[in-house]
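Here the structure comes first, spelled out in structure tokens, and everything after it is commentary.
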Amino acid sequence: MRRIVCREFGPVDRLELVEEPDPSPGPGEVVVAVEAAAVAFVDGLIVQGRYQVRPPLPHTPGSAVAGRVRAVGADADPVSVGAPVVVLSMGGGGFATDLVAPAWAVSPLPDGVPAAVAATAVESYSTLTFALSRRVQVRPGEWVLVLGAGGGIGLAAVDVARAAGARVVAAASTEAKREAAQAAGAEVTVDYTDLKGRVREVTGGGADVVVDPVGGPLAEAALRSLTAYGRFCVVGFAGGEIPRLPANVVLLRNRTVVGVDWGDWARTEPEAASALVSDVLGRVARGELRPPEPRCLPLDRAAEALTRLSRRDVVGKLALVP
């Protein structure tokens, strides 16, 4: 097998592509021959040692893959060899030709869903489905403001909110990203100039929900754009700066700030998380959710993919194809 290895935290160009013996599954495990691995912004943060959690070294990035089961260990039923599957691996390991995973972390890949689409959609769409159905309840007709709407998480937020019957305001930094958000279902697109005022103008009073995977100085402006009883979802900090939200703005008009940590929930409630993943994949197969096709790069260009994400010049998602 081949895999990308991070031996020390630092610049992504220090990543190595290594060859090793093919892995074998242990009890309750399967080996998945990877056909596509999602590349996420957080993967670059982990490699650089800038994430809040530092995995043991050596580390292989990549938490979401799609492929086919190559081998099955004892007590790994009902997974069978040759089955198309999707895996969410919270410990990484996806940037490889083969991934060993516990059988409970494997979800069937429905017919008609390409591996690259499934790999790049499953984590972001599961996160946003968790956010907009379990952490807050988005109702039909409500206005949802999505920050960073041209990125992978942002486009998923637009699509999941659209599918819930919400009206979406998509905020993004470039015209290309705003066009992608509009294609995903955003009713209105805006840049970040006078964000609070613009959102209040286009919604006729303010957003009901904010989805913020960006953080930084935009967060307070988005919080202030909320109407009465508005809900602010803290999803991540792709901007690199953790915001300090003023508590008085939360208190005013009875607003709520809600944390969204899909990974923590998935680790503590794996059966419920697996059921949600299967539901998301089923909705993609039925056309209820419409994730875009990602751009695919070969495995040996992992450093390039992470660099492009860090520079924020990627519209949509990237996948590595072994």
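The values are calculated or read from the model by the stated rules, or taken from the named source; none is laboratory data. Fair warning: this is a prediction, and the values are worked out from it, not measured in the lab. Note: areas computed on protein heavy atoms with side chains; ligands, DNA, RNA excluded. Shrake-Rupley method; radii C 1.70, N 1.55, O 1.52, S 1.80 Å.
Some observations on this one:
- Ordered from highest to lowest accessible area with the whole protein assembly present and a 1.4 Å probe, ILE4, ILE46, ILE153 read as ILE153, ILE46, ILE4.
- P(r) histogram, all alpha-carbon pairs of region 127-268 included - 10 Å bins from 0, percent: 13, 49, 34, 4, 0
- 0 to 90° range, to nearest 10: angle between helix 270-285 axis and the chain longest Cα axis: 80
- In Å², nearest 10: area of LYS177 left accessible to a 1.4 Å probe: 20
- The smallest convex shape that holds all Cα atoms of region 50-162, its convex hull, gives 155 Å³ per residue.
- The candidates THR256, THR60, arranged from most to least accessible area with a 1.4 Å probe in the full protein assembly, appear as THR256, THR60.
- Accessible area (Å², per residue) of the chain, counting only protein heavy atoms and a probe of 1.4 Å: 43
- Computed accessible area, GLU179, all protein chains, 1.4 angstrom probe, square angstrom: 100
- Solvent-accessible ranking of ARG253, ARG178, largest area first, probe 1.4 Å: ARG253, ARG178
- Globularity index of the chain, i.e. its alpha-carbon radius of gyration over 2.2 N^0.38 Å: 0.99
- Solvent-accessible area of GLU35 with every protein chain in place, 1.4 Å probe, in Å² to the nearest 10: 80
- Centroid-to-centroid, using Cα positions, region 233-279 and region 141-179 are 17 Å apart.
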